[in-house]
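Visitor: First, the structure itself, so that you have it in front of you.
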Amino acid sequence: MYTLFYSPGAANMAPHAALEEIGAPHKLVHVDIVAGEQRQPEYLKLNPKGRVPLLVDGDYTLTESAAILMHLADRHPDAELAPPLATPERGHYYQWLLYLSNTVQVAFFEYFYADRFVEDAAGQGAFKANAARRLAEMLVYIDGALAARGPYLLGDRFTAPDLFLHMLARWSRWLDRPAYRHPHIKRCTDLVKARPAVMRMMASEGIVEEEKA
Ligand SMILES: N[C@@H](CCC(=O)N[C@@H](CS)C(=O)NCC(=O)O)C(=O)O
């Protein structure tokens, strides 16, 4: 039985959707990150980084959304969330998950948490605007890649990186041109959103779609 420590709509969305895809029994524990529960001593004992998500499986704990996603995909191969090891597709699977987590997700954290990177308020505004500009370029790049080889990130086949893209796409709703205004990202994330497992994840986190007109 897995336990996932989560906050609605946070970086847990992709691993949570993977748990649903796999059909693995799991329990959810809500960490109120607005109230600062992630910095309470009891939680820090489990995850000294003070972040969500956190996956617990008996004595085993795992952090980092992309790592949890890859671990679940490997432990439950029947769900086919990852291509076979050492295939060209597996290489692209790593490429997408690492790009989405070490470049796009990081830019989102710069955008959302500018105060953690820059001390003065005026500097924070410029820092956030810079992150938004880089995110806009990244969405154009992803949309182009999906136009060339979609509808999923790995072509015809749905895999774990699509769950990660779906999560980041939702975070982009604050940008001037959100992901759903990029036709090929929209096509991919609409397919992901229609998956029963993803719908269950959204419902159990209490997330509603918020697309601007
Ligand atoms: N690289 C980590 C980042 C996790 C992360 O920063 N999560 C955010 C929510 S999306 C969080 O816990 N924020 C609370 C805080 O930083 O105080 C991952 O992907 O798991």
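Visitor: Just to check I understand the Karplus step: with θ = phi - 60° and J = 6.51 cos²θ - 1.76 cosθ + 1.60, what whole-Hz values come out for the range 181-196, glycine and proline as x?
Guide: Whole-Hz 3J(HN,Hα) from phi for the range 181-196: 8, 9, x, 7, 5, 4, 4, 5, 6, 5, 5, 5, 4, 7, 6, x.
Visitor: Please work out the C-alpha center-to-center distance from the range 1-18 to the range 145-213 and express it in whole Å.
Guide: 16
Visitor: Just check the chain against the gyration tensor rule for me: Cα atoms, a ≥ b ≥ c as the square roots of the eigenvalues, rounded for a/c under 1.5, and otherwise prolate or oblate depending on whether a/b exceeds b/c.
Guide: On the way: a/c = 1.60, a/b = 1.02, b/c = 1.57.
Oblate, because a/c is 1.5 or more while a/b does not exceed b/c.
Visitor: Sorted by mean Cβ packing within 10 Å, highest first, what order do the peptides 107-113, 25-31 take?
Guide: 107-113, 25-31
Visitor: Roughly how many percent of the accessible protein surface of the chain is carbon and sulfur, given a 1.4 Å probe and a whole-percent answer?
Guide: Details: 5870 of 10350 Å².
C and S fraction of accessible area: 57 percent.
Visitor: Also, quick follow-up: Once Lys and Arg get +1 and Asp and Glu get -1 on their Cβ, which of Val208, Ala179, Thr3 lies farthest toward the positive end of the dipole of the chain?
Guide: Ala179
Visitor: What are the ³J(HN,Hα) values, in whole Hz, obtained from phi via the Karplus relation 6.51 cos²θ - 1.76 cosθ + 1.60 with θ = phi - 60°, for each residue of the range 8-15 in sequence order, with x given for Gly and Pro?
Guide: After applying 6.51 cos²θ - 1.76 cosθ + 1.60, I find x, x, 7, 5, 6, 3, 5, x Hz.
Visitor: Using 25 Å as the Cα-Cα cut-off, could you pick out the over-long pairs in Lys49/Lys193; Lys27/Lys49; Lys45/Lys193?
Guide: Numbers: Lys49/Lys193 30 Å; Lys27/Lys49 21 Å; Lys45/Lys193 34 Å.
Table pairs above 25 Å Cα-Cα are Lys49/Lys193; Lys45/Lys193.
Visitor: Please work out the average accessible area per residue across the chain, using the 1.4 Å probe convention, and give it in Å². Intermediate results must be reported in sequence, preceding the final value.
Guide: Details: 10350 Å² over 213 residues.
It amounts to 49 Å² per residue over the chain.
Visitor: For a quick check: with amide H placed at 1.01 Å from N, whose amide H comes under 5 Å from Tyr152's, ignoring anything fewer than 5 positions away on the same chain?
Guide: Those qualifying (amide H under 5 Å, at least 5 residues apart or on another chain) are Arg157.
Visitor: Ranked highest first by the average count of other Cβ atoms within 10 Å around their residues, in what order do 159-171, 80-92, 179-191 fall? List each step's numbers first, then the result.
Guide: Values: 159-171: 24.7, 80-92: 13.8, 179-191: 18.6.
Packing order, densest peptide first, comes out as 159-171, 179-191, 80-92.
Visitor: Could you tell me the relative contact order of the chain? Use alpha-carbon pairs under 8 Å, at least six residues apart, and round to a whole percent. Before the final figure, lay out each step's value.
Guide: Values: 273 pairs, mean separation 47.6, N = 213.
The value is 22 percent.
The values are calculated or read from the model by the stated rules, or taken from the named source; none is laboratory data. For clarity, every value in this text was computed on a predicted model and none was experimentally measured. Cβ sites come from the backbone with ideal geometry, for glycine too, and all protein chains shown count toward neighbours. Side chains included, ligands, DNA and RNA excluded: accessible areas come from the protein's heavy atoms. Shrake-Rupley method; radii C 1.70, N 1.55, O 1.52, S 1.80 Å.
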